[in-house]
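What follows is a set of notes on a single structure, which appears directly below.
The values are calculated or read from the model by the stated rules, or taken from the named source; none is laboratory data. Not measured: the values here are computed from a predicted model. Cβ atoms come from the backbone with ideal geometry, glycine included; neighbour counts cover every protein chain shown. These accessible areas exclude ligands, DNA and RNA; they are computed on the full protein's heavy atoms, side chains included. Shrake-Rupley method; radii C 1.70, N 1.55, O 1.52, S 1.80 Å.
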Amino acid sequence: GLCEVEALADLIVSDTSQQRKQALKQLDGRLSRLYSGWREELTKGLAHAEAVIDFGDDEDLLGDDDDEDEEDDYHHNRNKGQLNIWGSVQTSMKQLRGRMNRHLLDSQRGEIVRTGVKVAIVGKPNAGKSSLLNVLANRDAAIVSPIAGTTRDVVEITLDLGGVRCIVSDTAGVRKSK
């Protein structure tokens with residue numbers, strides 16, 4: 001499915017171990033199965049709701065096998081059955097919505113793993129921003145000079161911080177405008 005294709009694309013461009021793990025989890029179909037389950041629950045809830053709306057006045061929705069002869073008991077049980085089914089639909093849909101919301105909150109964390117985080121090093125000219133970038137990169141990624149204003153373009157490095165992709169940007173010094 002579509003989720004697996006996206007997972008394959010994520011796996012191909014992954015930079016970190018966490019990105020690879022996340023892509024592999026998605027590639028095995030877990031997400032597709034989760035979404036299919038939600039779709040089935042929604043369809044079932046819709047079918048029950050439609051049944052209560054369409055047939056509620058005509059059918060005994062309790063499913064009792066008792067033959068009740070009294071008209072009052074019949075109407076009482078029929079209305080009770082409608083409420084039981086409708087209440088059940090409402091309860092299951094509220095529970096499903098809660099699971100979906102929890103998944104969406106958790107997926108924000110997954111999105112951070114997938115896309116990474118961006119960090120900009122900002123400060124006054126000659127404050128050591130490029131030196132900090134070089135230390136983080138463990139190489140000479142940016143030019144370091146005692147002359148202020150050496151960094152004119154943004155210099156970026158990509159780091160793997162605990163499995164999370166982190167793009168660190170060295171920026172030109174911030175000066176007060178005249």
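Among (1) hydroxyl-bearing (S, T, Y); (2) in a loop (DSSP other than H, G, I, E, B); (3) under 30 Å from S36 (Cα atoms), which single condition is S145 missing?
With (1) hydroxyl-bearing (S, T, Y); (2) in a loop (DSSP other than H, G, I, E, B); (3) under 30 Å from S36 (Cα atoms) applied to S145, the lone miss is (3).
Could you count how many residues in the range 103-127 are open to solvent by 70 Å² or more (accessible area, probe 1.4 Å) and at pLDDT 90 or above?
2
Take the range 126-142 and flag every residue that is free of Cβ contacts under 8 Å to residues at least 40 places away in the same chain and either part of a helix (DSSP H, G or I) or in contact with a Cys (Cβ under 7 Å, 6 or more places away or on another chain) (or both).
Kept after step one, since they are free of Cβ contacts under 8 Å to residues at least 40 places away in the same chain, are these residues of the range 126-142: 128, 131-142.
Of everything in the range 126-142, those that are free of Cβ contacts under 8 Å to residues at least 40 places away in the same chain and either part of a helix (DSSP H, G or I) or in contact with a Cys (Cβ under 7 Å, 6 or more places away or on another chain) (or both) turn out to be S131, L132, L133, N134, V135, L136, A137.
For every residue, the table says whether it meets (1) part of a helix (DSSP H, G or I); (2) open to solvent by less than 80 Å² (accessible area, probe 1.4 Å); (3) more than 24 Å from C166 (Cα to Cα); (4) among the hydroxyl-bearing types (S, T, Y).
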site: C3; (1), (2), (3), (4): yes, yes, yes, no
site: D15; (1), (2), (3), (4): no, yes, no, no
site: A23; (1), (2), (3), (4): yes, yes, no, no
site: W38; (1), (2), (3), (4): yes, yes, yes, no
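Pull up the range 138-150, narrow it to residues that are more than 16 Å from V174 (Cα to Cα) and touching a Ser or Thr at 6+ places or on another chain (Cβ under 9 Å), then point me to the one that is surrounded by the most Cβ atoms within 10 Å (Cβ to Cβ).
A142
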